[in-house]
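Enquirer: Here it is: the structure, laid out below.
Each reported figure results from applying straightforward, stated rules to the coordinates on display, with no laboratory input. In this text the structure is predicted, and so the values were computed from the model without any measurement. Don't worry about glycine lacking a Cβ; one is built from the backbone with ideal geometry, like all the others, and counts go over all protein chains shown.
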Amino acid sequence: MVQLHIPVTSLHPSLASAFLALAVHQVFRTHETYSVVVHCILLVVPPTLVFSTTISVLVDPPSVPWTLVLCYGTYLLTLIASVVLYRVSPAHPLASYPGPFWCRISKLWLATVAATGKQSRWFAALHDKYGDVVRVGPNELSIRDTSLVARCMGPSGIPKGPNFIGGRLSAADIPLVGIQDVGEHMRRRRPWARGLSTSALKAYQPLISKRTQQLVNRLEGQPGTIRFERWFDWFSYDLMTDMAFGGDSNQLQDGDTDNFRKMLEDGVVIGAFFSHVPHIAVWMGLIASAVAPLDALTKYGASRATRRLAQDSKRQDLFHFLNNEDLPDKAPPPASELVLDAMLVIVAGSDTVASALTSLFFCLLANPRTYAALQEEVDRYYPRGEDAHTATHHRDMPYLHAVIQETLRLFPPLPTGSGRQVPHDSNDFNAGTMMLPPGTQVYFSPWVLHRDPRNFSFHTEFWPERWLVASGHISLDGNTPGLPAPFQSCSQSDAKSEFKHNDAAFLAFSHGPMSCVGKGFAMQEMKTVVCALMQRFRFQLKEGWDPREFEASYLEYFVSSRPALPVTLTPRW
């Protein structure tokens, strides 16, 4: 039997390496860093010091290779073991929260789920199994308790988490929606708020009207069945370039000649996975092939920003405000910020609205009663001959607003939302009914909250009237249109007592000072499109197409995808 001779002196470097590994674990645990240089120092320098100190006193040269393996092996194995044991131990501050065992060990589990595009549905299944607070990662919680929304996401709430660091494979140049520093976030948000104010929205209405008219004209020449989601992609992208960059796009006429959709799709799956493992993502960012899809988007945003900045500064588009052109005495922001703003408006300004419009028409066409009710309201305010490309009557159309709200409830464009993280250098965050330790990241998934029966009666049904009941436009009784069967046999008092509608659970545009700054523009855009299309056309789903395919194909990579929506349209006159 071969015996391996281990010098007695080798016990000392192994103990030293193990001790340093335990110490470094505490550094990683209490200090958040996404610097590759710092990672290298913490992972390489301690065992190197032990090794160099040990070999300087070795008298047996053959033991040098063994000492090298021992120092580095002991260090890394001890570090990994310490991390894993701490995360699964009762000593971890989140140990009391239930959840899948493997999620306690590593976020790779959650990252893998995110890459499938079904993260929010996975969250919903976990909540059904474990309760209102579920541990979905070593330091991550998904929360279904709406009483915590205002406290965690309100003015004194929790800052953004590091998801966008992972999504961009870099800790530098983070867009507005991912900025963790609250003060910096508010500074960067101010020009967006000016550019999407009430007065600015009035100036954008002619742009919405022009593109909506073009959409109607193009659809008039489309015989047979169309892929509705593609037309919404092209429309929303063209309108976004008009509103943000002063024009220079015509996808409604030419299609996606810039190949933008492929660039976006190539980048979102990568971003979805690495958004949950930012410490690994910054290392992947050093690999050219890994960052190529994201680099393509960055270059695309840079080209858009550059072309716009070369134009007349008096054009009242969104970049007029982002570049501080409305404030002559204020210096323009750095070019790098404008590139990030360009990327954000390209994705957030077109992708989310295209998703919402696709979902809205799916819901209408899958629910003929609702379709007929909305058609009646559109015809009342925009009859034949009335210009439906204006916002003149939008305020007088509560059912249109209810249909949009109900669509966003069932199919929020950002189904999971963005995580919030208690800063590592802060104290425990008092969320009201629970204390969140530093470094804890929390999720309030709109998909989960919107489909919780405690928040909305008949949570899986498309029933826009719920919003009219909640706002007082109609009463809840046996004559309420579309009343679900269980309510039809109830008395009015019983129906009211059983009716559930929790506005605090509706997070389609997020909540608080970091909520969607473009909500007003998005609603204005959607209402104009719906009125114009329904005034001119009659729609129906392609014969033989199974509506169940829509939700089955509804995936999310931060922003939701657009499943195929085959529709047959015919002019109404």
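Enquirer: So for the chain: antiparallel DSSP bridges make up what percent, rounded to the nearest 5?
Expert: Numbers: 20 of 23 bridges.
Looking only at bridges with both residues in the chain, the antiparallel portion is about 85 percent.
Enquirer: Which listed residue (Tyr204, Gly512, Ser56) has the Cα farthest towards the positive end of the charge dipole for the chain, taking +1 on Lys and Arg C-beta and -1 on Asp and Glu C-beta about the Cα centre?
Expert: Gly512
Enquirer: Hey, another quick one. How big is the range 220-326 on each of its three principal axes, counting only the C-alpha atoms and giving the largest first in Å?
Expert: Dimensions of the range 220-326 along the principal axes of its Cα atoms: 48, 46, 20 Å.
Enquirer: With N denoting the number of residues in the range 69-144, provide Rg(C-alpha) divided by 2.2 N^0.38 Å, to two decimal places. Intermediate values should be presented prior to the final figure.
Expert: Numbers: Rg = 14.6 Å, N = 76, 2.2 N^0.38 = 11.4 Å.
Taking N as the residue count of the range 69-144, the ratio is 1.28.
Enquirer: Shifting gears a bit: Between Arg538 and Ala125, take the C-beta separation as r, use R0 = 45 Å, and let me know the FRET efficiency to the nearest 0.05. Intermediate values should be presented prior to the final figure.
Expert: Working: r = 39 Å, r/R0 = 0.86.
Using R0 = 45 Å, I get an efficiency of 0.70.
Enquirer: Can you give me the Kirkwood hydrodynamic radius for the chain, using every pair of distinct Cα atoms, in Å to one decimal?
Expert: Values: mean 1/r = 0.0380 Å⁻¹.
So the Kirkwood estimate lands at 26.3 Å.
Enquirer: Charges at C-beta only: +1 for Lys and Arg, -1 for Asp and Glu. How large is the resulting dipole of the chain about its Cα centre, in Debye rounded to 20? Let's see the in-between values first.
Expert: Details: 51 positive and 51 negative charges, 35 e Å.
I would put it at about 160 debye.
Enquirer: Also: Considering only C-alpha atoms, what is the centroid distance from the range 276-329 to the range 425-451, in Å?
Expert: So the separation of the two Cα centres works out to 31 Å.
Enquirer: For the pairs Lys160/Lys519; Lys107/Lys519; Lys202/Lys299; Lys129/Lys527; Lys118/Lys160, note any where the Cα-Cα span goes beyond 28 Å. Kindly include the intermediate steps, with their values, before the conclusion.
Expert: Working: Lys160/Lys519 19 Å; Lys107/Lys519 32 Å; Lys202/Lys299 31 Å; Lys129/Lys527 39 Å; Lys118/Lys160 22 Å.
Going by Cα-Cα distance, Lys107/Lys519; Lys202/Lys299; Lys129/Lys527 fall outside the 28 Å limit.
Enquirer: When a footprinting reagent is the concern and you count Cβ atoms within 10 Å, what order do Met514, Met243 take, fewest first?
Expert: Values: Met514 23, Met243 27.
Going from least to most buried by this count: Met514, Met243.
Enquirer: Here's another thing I want to ask about it. Rounded to the nearest 500, what is the chain's calculated 222 nm mean residue ellipticity when only DSSP H runs of at least 4 contribute -39500 (n - 2.57) each, over all residues?
Expert: Working: 26 runs with 309 residues, N = 573.
Taken over the chain, the calculation gives -16500 deg cm²/dmol.
Enquirer: Take the alpha-carbon centre of the range 177-244, take the same for the range 82-122, and report the distance between them in whole Å.
Expert: So the separation of the two Cα centres works out to 38 Å.
Enquirer: What number does the range 8-88 give for Rg over Rh if you use C-alpha atoms and the Kirkwood radius?
Expert: Values: Rg = 13.4 Å, Rh = 13.1 Å.
Using only Cα positions, Rg/Rh for the range 8-88 is 1.02.
Enquirer: Continuing with this model, one more query. Computed FRET efficiency, Cβ-Cβ of Arg548 and Leu15, R0 35 Å: what is it to the nearest 0.05?
Expert: On the way: r = 61 Å, r/R0 = 1.75.
So, using R0 = 35 Å, E works out to roughly 0.05.
Enquirer: A further question follows. Taking the highest mean first, how do the peptides 24-35, 452-463 order by number of other beta carbon atoms within 10 angstrom per residue?
Expert: Details: 24-35: 14.9, 452-463: 17.3.
Order by mean packing, descending: 452-463, 24-35.
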